[in-house]
Structures are given as C-alpha cells and as structure tokens.
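Reviewing the structure listed below.
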Amino acid sequence: MKKTIKDYLPTRRRLIQLYAALLYNANVKGYLRGGIFTGASKVLCVPGLNCYSCPGAVGACPLGALQNALASSGARGPWYVLGILLLFGLTLGRTICGYLCPFGLIQELFHKIPSSKLKKNRVTRVLSWVKYAVLAVFVIAIPLWYMLRHVPMPGFCKYICPAGTLEGAVGLLAHPANADAFSMLNILFTRKFIILVLVLGGCVFLYRPFCRFLCPLGAIYGLFARVNIVGVKVDASKCTNCGLCVGHCEMDIRRVGDHECIHCGGCVDVCPTGAIALRAGTHPLRERAKDEAPKALRKRRAAWCVALAVLAGALVYCNGPWGEIAAPEPTAVAAAEDELPTGPEVGQRGPDFSAPLYGGGTFELSGTRGKVTVLNFWATWCTPCVNELPHFEKLYETYGEDVAVIAVHSDLVTEDVDAYLAGFDYTIPFALDDSGIVAAYGGSAMLPQTIVLDRDGVVVYNQVGSVTYEQLEALVKPLLED
C-alpha cells in the first residue's frame, strides 16, 4: 500500500511524549550556560524519569527524590515523595511510562533504527522481574543502609541510571563551561557510560529494554495496575479472548492492563470487537479508529490549546529572570548576568562575602584576614561531600588557631541540614549559600569544591572534586610558614 503524508506524521501519543519531554526540560538557558535550573519548581517531582541534573530539567525526578528521602529518613519521614508516587500511581500508573517518560521516548526512537528485531519470549518475561529486584536493592535497601551511617547514597542513580548519565552527566559535560569536570571522572562514570551504551544499543534490537528489565520507577507504577484510573480497559462483554492484543503488544504482558502494560493503546486498534479502550475512569480517551464526533474534536483541540499555553508559560517562566530563586546580591564581584561564572583564578583576591550560619550567627570572610582560609562547598545529598567533611574537621582541630575553615552548603536543596548536622560533633562553622557565594567562586551544580586563600585573601587553590586530609595539609602548611 502506498504511504501518504499522514502516515509519516507523528501519532497523537508521540506528540504527547514530545510535549512531556519539552515541559520537563523547559529551562533552555541551562543548555546554553551549562548549568542546572534552581527555580522554585525544582522541589516538585515530574511523573516520568527525568534527571534532576539535566541542564533543562525544571522539576525533580521522583525516583531520585525517593532515594534521597530514604537516605534522610533518619531525620524525617519521606512522606512527600511517597505521597506523590501514590498520587501518580493511583491516577496514571504505567500510563506515565507510555506517554510521559522522556527516556521511554528516547528508547522508542532508537528502536526505529532499521535492524533485526528480537521479539518477546519466555526469557524476556523472566527478565521483566529484574526491575523489582533493582527497586528493592538499589532504590530502597542501599539508601536505607547508608542512612544508618549518615551518608547519602542514591544507589540506583549512582550505579545504574542511564537516564541520569545521558541527561545529567553527558548533558552537562557537553558544555565547554564544564570542561574542568572531566578531571573528576573515574571508573564509576565509565561503568555507567557502558550501561548507557548497552541500553541504547539494546533499544535498536529490543523494544524498550530499560523499561522492561531495569526501570524501578516502572516497577513502582506497575504495583498500581489493578487500581489506576487512567489506562487501557477491556470490556469483558465484548472480548472474545482471541489473543490479538497480547500478541501485538511488544511489552511482556500476559493480559491487557497488567503490571507490564504501559497503556500505549496499541492494542486498541487491533481488537476486532472494539472491546479495548484507553479510558479515564469511564470516560473514553481513545477507542478503535472511527470518525471523531465534532464535539469530541473541539474538546481535544481545546485541551491542546491549554497544554501549549502551559508549555509557553513554563518556557517564559524558566528562562526569564524570575525563574531562578531570588537571592541577595553577593558582596563579591560576580560575573555579568549573561556570562558563565568563572570565579577568581589562582593569584587573584577571593571575593568577600557574608553568609548565615546554621545554629545562628553570620560568617564574614573579611573577618578571617590574617589567617589561611579554607572554603568547602558541599551538600547533604552529595556523597563525596559528606565523606570528606571529616578531613576539614581534622584540619580545623589541628590548625584552628591559624586556619579558618567554613563549609558552605549549596542552595539547590537545603532541607534538614540542621537535622543532618545534629548527628555529628563537627566544630567547623557551616553556612548556607544564600547570596551566590558558590557562583562567585566559579562553582556550579558539581560538588564538592575546595578553595584555599592565603593570609591576604588571595586564592592559591580552587578546584572541583574530592580532597584528602593529606592534600589539605600540603596546601595549608606552606602558607603558614610564609
């Protein structure tokens, strides 16, 4: 049959997938500047898998938020994340996988590359249970285990997540402003990059292999298969049990709408009796192909107009000056608004700043003149950061009379810092970056970062990446002897 132009146009589902990907990543200037969005919307979770560290991301990933919440569950209950996952699961379930997940879209586009395709079989059905093991071990057990040691450890994000590697790591490293970050890459990134390559390569031959075998978010939503409101439903009175729906589906389903079904609606058009429809409760969203009533067509067009207006609003909000979290101007001389913050180079005087201390009081950099000063930029959710805090504490205990040490917490996520610090006996002062301190010193979303200033406030060291106590001592000792 000769194809027409209509055959090459994207389907309604593909348009929704593209729309969701654009809406999740409306921070266009993040790609232009090589940074991540820090606006107020970043505390909200989007339904699909979309990395928090993606330059365009305007919301949090529910899977990453769940791991971080479990990692801090010793201080507070992860009620918000559990509640939002419950809401998404009850309303949409794995319909999110089929329509609202950017990484699902990426997998489907790779699957369109011409090649021999491997069909589902008994082996793939068995492998489809692996994602539940991944959920139990990497998303739940590892964060809880490390929580007991007061170390944040989002196991899935750190060791597996190909979406995070592609959207977050590769997205940031692709920008020249983050060229220095290449020196921080180690065997862990290499392993994750290999996982990404294997997943994307597998997509060419297998339909959505990550969704089917590895995705713990899909596993969570699959738990709501029997109760989710929006999804494909079967009218038992019309069903003849012909099996065409299961045979046509490329997911490892045993019946329409089970825990493996992503509710894409592909089975709707192949059902000979019209027994299957995509519904929101009792309201049909998609039925077997037929002429659309004028009233339904008007409703669909109105819905798209509203959706496009929301997307336009998100683009304006996220890319305008009001999209970022407002903060007082730092006392330092920062980079111009349209430039990337480069910070002081070695040999230049470090910008002065003041910052509120956790526990009360204010830290003034100008008050440390005459001492060697060590600045540490960190965050509770950054595993390398919390692992190196004892090195700064030891340095302060050893050289406290001649060395000023201050740990400045990133303003990207600041919840429960006081509760976290309450679990330790640190004596170094901890401050919050509420005035662009990290940016003024050339920092970004990549942590930790260490800056050392001599007695005159001149920068002698400014690097992103972990440090050891021996490195810190080797930097400080010569300055004390001068």
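Results, tabulated for the structure shown:
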| read-out | value |
| --- | --- |
| Checklist (1) closer than 30 Å to Gly281 by Cβ; (2) at pLDDT below 95; (3) of a type in the set (S, T, N, Q) applied to Gln107, failing item | (2) |
| Residue that is in contact with a strand residue (DSSP E or B) (Cβ under 8 Å, 6 or more places away or on another chain), surrounded by fewer than 22 Cβ atoms within 10 Å (Cβ to Cβ) and touching a residue at least 40 places away in the same chain (Cβ under 8 Å), where the choices are Thr91, Thr95 | Thr91 |
| Residue match in segment 76-86 (condition: small (Gly, Ala, Ser) and touching a residue at least 40 places away in the same chain (Cβ under 8 Å)) | no |
| Filter result for Gly247 (small (Gly, Ala, Ser), outside the structural domain of Val464 (by TED's automatic domain parsing) and in a loop (DSSP other than H, G, I, E, B)) | no |
| Hits in segment 87-146 - residues which are closer than 12 Å to Gly218 by Cα, small (Gly, Ala, Ser) and over 18 Å from the mean Cα position of the chain (by Cα) | Gly89, Gly93, Gly98, Ser128 |
| Output for segment 453-482, where each listed residue is exposed (fewer than 15 other Cβ atoms within 10 Å of the Cβ) and of a type in the set (Ser, Thr, Tyr) | Thr468 |
| Subset of segment 421-446 that is under 24 Å from the mean Cα position of the chain (by Cα), at negative phi and at pLDDT below 80 - its residue that is surrounded by the fewest Cβ atoms within 10 Å (Cβ to Cβ) | Asp434 |
| Segment 288-310 residues that are in a helix (DSSP H, G or I), paired with ones that are modelled with pLDDT of 80 or more (beta carbon under 8 Å, 6 or more apart) | Ala307/Tyr19; Val310/Leu23 |
| Among (1) in contact (Cβ under 8 Å) with a residue 40 or more places away in the chain; (2) in contact with a Lys or Arg (Cβ under 7 Å, 6 or more places away or on another chain), the one test that Thr165 misses | (1) |
| Hits in segment 122-162 - residues which are free of Cβ contacts under 8 Å to residues at least 24 places away in the same chain and small (Gly, Ala, Ser) | Ala133, Ala136, Ala141 |
| Selection status of Ala334, modelled with pLDDT under 60, surrounded by 14 or more Cβ atoms within 10 Å (Cβ to Cβ) and either outside any loop (DSSP other than H, G, I, E, B) or among the small types (Gly, Ala, Ser) (or both) | yes |
| Residues located in segment 464-480, provided they are at pLDDT 85 or above and not in a loop (DSSP other than H, G, I, E, B) | Tyr469, Glu470, Gln471, Leu472, Glu473, Ala474, Leu475, Val476, Lys477, Pro478, Leu479, Leu480 |
| Enumeration of residues in segment 347-380 that are touching a Lys or Arg at 6+ places or on another chain (Cβ under 7 Å) and crowded, with 19+ Cβ neighbours inside 10 Å | Lys371, Val372 |
| Single residue of Leu223, Leu278, Leu297, Leu285 found to be under 22 Å from Pro47 (Cβ atoms), of a type in the set (A, V, I, L, M, F, W, C) and assigned by TED's automatic domain parsing to the domain that holds Pro209 | Leu223 |
| Output for segment 341-393, where each listed residue is part of a helix (DSSP H, G or I) and either assigned by TED's automatic domain parsing to the domain that holds Trp145 or at pLDDT 90 or above (or both) | Glu388, Leu389, Pro390, His391, Phe392, Glu393 |
| Which listed residue, of Gly266, Gly323, is within 27 Å of the chain's Cα centre (by Cα), among the small types (Gly, Ala, Ser) and either surrounded by 14 or more Cβ atoms within 10 Å (Cβ to Cβ) or at pLDDT 90 or above (or both) | Gly323 |
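Okay, residues lined up against (1) more than 23 Å from Lys119 (Cβ to Cβ); (2) of a type in the set (Ser, Thr, Tyr); (3) surrounded by fewer than 18 Cβ atoms within 10 Å (Cβ to Cβ):
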site: Gly201; (1), (2), (3): no, no, yes
site: Phe210; (1), (2), (3): no, no, no
site: Leu217; (1), (2), (3): yes, no, no
site: Val227; (1), (2), (3): yes, no, yes
site: Ala236; (1), (2), (3): yes, no, yes
site: Thr240; (1), (2), (3): yes, yes, yes
site: Gly243; (1), (2), (3): no, no, yes
site: Met251; (1), (2), (3): no, no, no
site: Asp258; (1), (2), (3): no, no, yes
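The values are calculated or read from the model by the stated rules, or taken from the named source; none is laboratory data. Note that the coordinates shown come from a computational prediction; the quantities given were computed from them, not determined experimentally. Using ideal geometry, Cβ is built from the backbone for each residue, glycine included, and neighbour counts are taken over all protein chains shown.
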